[in-house]
Amino acid sequence: MILDKLENADIYTCISENLRKGFEFLKNTDLQSIEIGRYEIEGKDVFALVSEYDSKKPEDCRLEAHQNYADIQYIVSGKEAIGFVTFKNQEVTAAYIPEKDIVFYSGETTPLIMETGMFAVFFPQDVHRPCMQIDGPEKVKKVVVKVRVQD
């Protein structure tokens, strides 16, 4: 897991070409004006999902992980907490869905505070619970760049 500000993203571009492409999209796109939806960056290898929502109570957020993609979760506006824990045999609550590359778990996490301009990268071994409110519900605009790391 990586937690940082977008202005420091160049430090991490050496990890993979797909990660570099994801960070370039975030740095070179007008994210304040971008519409909600899906954006192809490099076919199925790198794409972005733009959403707006109200942050939720932690108990209303699901603990998830992925097998084939890493997430770059970038906060365009607002703030939220994202629960984080490394994978260590958490109990599966919903089986892996291959077409969505997602599996859901139960378990405790440590909250990471995400504010405007910050990103977190969650690799397949990083179990995370996004969208959690901090001091009550808040409107959040977020871009999640899905970066293929496995075939």
Residue in region 44-94 that is farthest from L31 (Cα to Cα), counting only those that are modelled with pLDDT of 95 or more and among the hydroxyl-bearing types (S, T, Y):
T93
Restricting region 1-23 to residues that are in contact (Cβ under 8 Å) with a residue 12 or more places away in the chain and either of a type in the set (D, E) or part of a loop (DSSP other than H, G, I, E, B) (or both), the one surrounded by the fewest Cβ atoms within 10 Å (Cβ to Cβ) turns out to be E7
Going through region 98-120 one residue at a time, which ones are surrounded by fewer than 15 Cβ atoms within 10 Å (Cβ to Cβ) and closer than 13 Å to F84 by Cβ?
E108, T110, P111, I113
Of all residues being in a helix (DSSP H, G or I) and in contact (Cβ under 8 Å) with a residue 40 or more places away in the chain in region 24-67, which is surrounded by the fewest Cβ atoms within 10 Å (Cβ to Cβ)? Just the residue, please.
P58
Looking only at region 100-131, how many residues end up being free of Cβ contacts under 8 Å to residues at least 60 places away in the same chain, closer than 15 Å to Y69 by Cβ and either touching a Leu at 6+ places or on another chain (Cβ under 9 Å) or among the acidic types (D, E) (or both)?
1
Does A70 meet the test of being in contact with a Leu (Cβ under 9 Å, 6 or more places away or on another chain), small (G, A, S) and crowded, with 19+ Cβ neighbours inside 10 Å?
yes
Leading residue by the ranking (nearest to V140 (Cα to Cα)) among those in region 80-103 that are of a type in the set (D, E) and assigned to a loop (DSSP other than H, G, I, E, B):
D101
Scan region 120-143 and give yes if some residue there is modelled with pLDDT of 95 or more, touching a helix residue (DSSP H, G or I) at 6+ places or on another chain (Cβ under 9 Å), under 24 Å from I11 (Cβ atoms) and not hydroxyl-bearing (S, T, Y), otherwise no.
yes
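Mind listing just one residue for me: the one in region 121-133 that is over 19 Å from K56 (Cβ atoms) and of a type outside the set (F, W, Y) and, of those, surrounded by the most Cβ atoms within 10 Å (Cβ to Cβ)? Outline the logic, then answer.
Of all residues in region 121-133, those over 19 Å from K56 (Cβ atoms) come to 121, 123-126.
Checking the rest, the ones that are also of a type outside the set (F, W, Y) come to 121, 124-126.
Numbers: V121: 22, P124: 16, Q125: 12, D126: 18.
Taking the candidates together, the pick is V121.
The values are calculated or read from the model by the stated rules, or taken from the named source; none is laboratory data. These numbers come from a predicted model, not from an experiment. Ideal geometry is used to build each Cβ from the backbone, glycine not excepted, and the neighbour counts take in all protein chains shown.
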